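This report refers to the structure that appears directly beneath it.
The values are calculated or read from the model by the stated rules, or taken from the named source; none is laboratory data. As the structure is a prediction and not an experimental result, all values here were calculated from the model. No Cβ is skipped: glycine too gets one built from the backbone with ideal geometry, and neighbour counts run over all protein chains shown.
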Amino acid sequence: MTAPQLEILDQPQPGLRLHRAGGTLMLHPLWLRERCRSVTSVDTRTGQRLYNPSDLDPALAISGVRRTGPGSLSVLFSDGHESQFAEQDLLAEAAMAPGEDGLPALTPWDARLSPFPETQWQDRPGDALRFDIVEKFLRYGFVILHGVPQRDQAIFEVAESFGFVRDTNFGRLFNVRSVPDANDLAYSSLALDPHTDNPYREPAPGIQLLHCLTNQTSGGLSTLVDGLACVEALRAQDPAAYDLLCRIPSRFIFKDVDAEHVAWQPHVKLDEKGVFQAIHFSPRLDFSPLLPAHELQAFYDARRQLDQLLKAAQFEIRFRLDDGDLVMFDNRRLLHGRTSFDTQEGIRHLQGCYIDSDGPRSLYRVLKRPGVLQGVSQKLAAE
């Protein structure tokens, strides 16, 4: 396939024409102008515009285009403003599809996943290690870190390496251990089916971290399931059921002495193009809306199908979090749980916190910038 190219037009109207697979396209004058990087258009420190593009003349036109050097273009607009562009920058912008975010493609997985995305943690991690961690996390939705110091609140050192800690009704830090009169089943020794945390919050926490301070029990295995893989499986086996779970919201609710959170969420959330965004699933917390009996029956059947997939051995991975292990996972993509454990065997104490989804995404883009990525690659190759 021929690489995309820009053609300078002089007659009958000056402009730039893009040649790419699938046809040609004229570059709109306003589209070009809002990408102008001149000192009169953007602040040199922040890169933010110094003007509102909606204030430009709606009939703005291109008066002339000329090459000023290899790969460099100068565009004169009908209001007298002249902009300088690098041809490769315009081609990169033109190739960007709506919704493209510059992140690694998601890799759906099931119980056959091997090896797990994991690595050894280091105090004050450098760019090379952080890039390795976020790249694995963004692809698979989780990463396991070994060797995190077994001290109170050490989890924050990891969390703050990738984003900002988010406070919730459970606090900035929560201790996962069996306690009497628990306000959540997580603080018991019971087995927990696959679920997403806090679907009653808007938005639900993006990323959860769980750090094992000590685990003296033979049970209490951690479980993870890729909601993306299960949703894709449901769409393949029953498209109508998939559509119902994308379309009909359920009411998720949490009540405590000083909190009452409610959010209406579909079990499967898509973006405007039908691309998977999140799964909201917590059977102990959801209530279906009142619908005509036949539609509600179909909805319950669809939810049961998804639940069966989420609990199927073919999709679940199990692993033991030993002392100093930490798992970081995408709470809007993965479902987590655990097997039951016997408190008579000893203590199982995990500390947890949440960070927002955009932290690792931002870090990944920063480390992928020209020059930075090269330095990271060299460090990774040397290690």
Q.
Checking ARG124 against (1) in contact with a helix residue (DSSP H, G or I) (Cβ under 7 Å, 6 or more places away or on another chain); (2) modelled with pLDDT under 95; (3) not aliphatic (A, V, I, L, M): exactly one of these is not met. Which one?
A. (1)
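Please enumerate the residues belonging to the stretch 72-103 that are part of a loop (DSSP other than H, G, I, E, B), modelled with pLDDT under 95 and surrounded by 13 or more Cβ atoms within 10 Å (Cβ to Cβ). Step through it out loud before you land on a result.
So in the stretch 72-103, the residues part of a loop (DSSP other than H, G, I, E, B) come out as 78-81, 96-103.
Among the residues that remain, those that are also modelled with pLDDT under 95 are: 96-103.
Selection gives LEU103 alone.
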Q. Which one of these does PHE329 not meet: (1) within 20 Å of PRO115 (Cβ to Cβ); (2) of a type in the set (Phe, Trp, Tyr); (3) not in a strand (DSSP E or B)?
A. (3)
Q) Any idea which residue in the stretch 216-231 is surrounded by the most Cβ atoms within 10 Å (Cβ to Cβ), counting only those that are within 25 Å of the chain's Cα centre (by Cα) and among the hydroxyl-bearing types (Ser, Thr, Tyr)? A) SER222
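Applying the selection to the stretch 42-60, what residues are touching a Phe, Trp or Tyr at 6+ places or on another chain (Cβ under 7 Å) and either at pLDDT below 95 or among the β-branched types (Val, Ile, Thr) (or both)?
The initial filter retains those residues of the stretch 42-60 that are touching a Phe, Trp or Tyr at 6+ places or on another chain (Cβ under 7 Å), namely 60.
Once the filter is applied, which keeps residues that are touching a Phe, Trp or Tyr at 6+ places or on another chain (Cβ under 7 Å) and either at pLDDT below 95 or among the β-branched types (Val, Ile, Thr) (or both), the stretch 42-60 yields nothing.
Kindly indicate whether LEU291 is in a loop (DSSP other than H, G, I, E, B), touching a residue at least 24 places away in the same chain (Cβ under 8 Å) and aliphatic (A, V, I, L, M). It would help to see each step written out before you state the result.
Working: in a loop (DSSP other than H, G, I, E, B): yes; touching a residue at least 24 places away in the same chain (Cβ under 8 Å): yes; aliphatic (A, V, I, L, M): yes.
Judged against the criteria, LEU291 is a match.
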**Q.** Single residue of the stretch 113-162 satisfying the filter (part of a loop (DSSP other than H, G, I, E, B) and of a type in the set (Lys, Arg)) that is farthest from SER362 (Cα to Cα)
**A.** ARG151
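Select from the stretch 158-177 the residues that are touching a His at 6+ places or on another chain (Cβ under 8 Å) and modelled with pLDDT under 95 and write down the one among them that is surrounded by the fewest Cβ atoms within 10 Å (Cβ to Cβ). Let's see the steps before the verdict.
So in the stretch 158-177, the residues touching a His at 6+ places or on another chain (Cβ under 8 Å) come out as 158, 169, 175-177.
Next, from what is left, pick out any that are modelled with pLDDT under 95: 169, 175-177.
Working: ASN169: 16, ASN175: 14, VAL176: 20, ARG177: 18.
So, considering only residues that are touching a His at 6+ places or on another chain (Cβ under 8 Å) and modelled with pLDDT under 95, the one surrounded by the fewest Cβ atoms within 10 Å (Cβ to Cβ) is ASN175.
Being out of contact with any Cys (no Cβ under 9 Å at 6 or more places or on another chain) and in contact (Cβ under 8 Å) with a residue 24 or more places away in the chain: is that true of ARG251 here? Don't jump to the end; show me each part of the working.
Working: out of contact with any Cys (no Cβ under 9 Å at 6 or more places or on another chain): yes; in contact (Cβ under 8 Å) with a residue 24 or more places away in the chain: yes.
Here the answer is yes, as ARG251 does meet what is asked.
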Q) Name the residues in the stretch 297-323 that are surrounded by fewer than 18 Cβ atoms within 10 Å (Cβ to Cβ), in a loop (DSSP other than H, G, I, E, B) and of a type outside the set (S, T, N, Q), would you? A) LYS311, ALA312, ALA313, ARG320, ASP322, ASP323
Q. In the stretch 45-55, is there at least one residue being of a type in the set (Gly, Ala, Ser) and either touching a Leu at 6+ places or on another chain (Cβ under 7 Å) or surrounded by 13 or more Cβ atoms within 10 Å (Cβ to Cβ) (or both)?
A. no
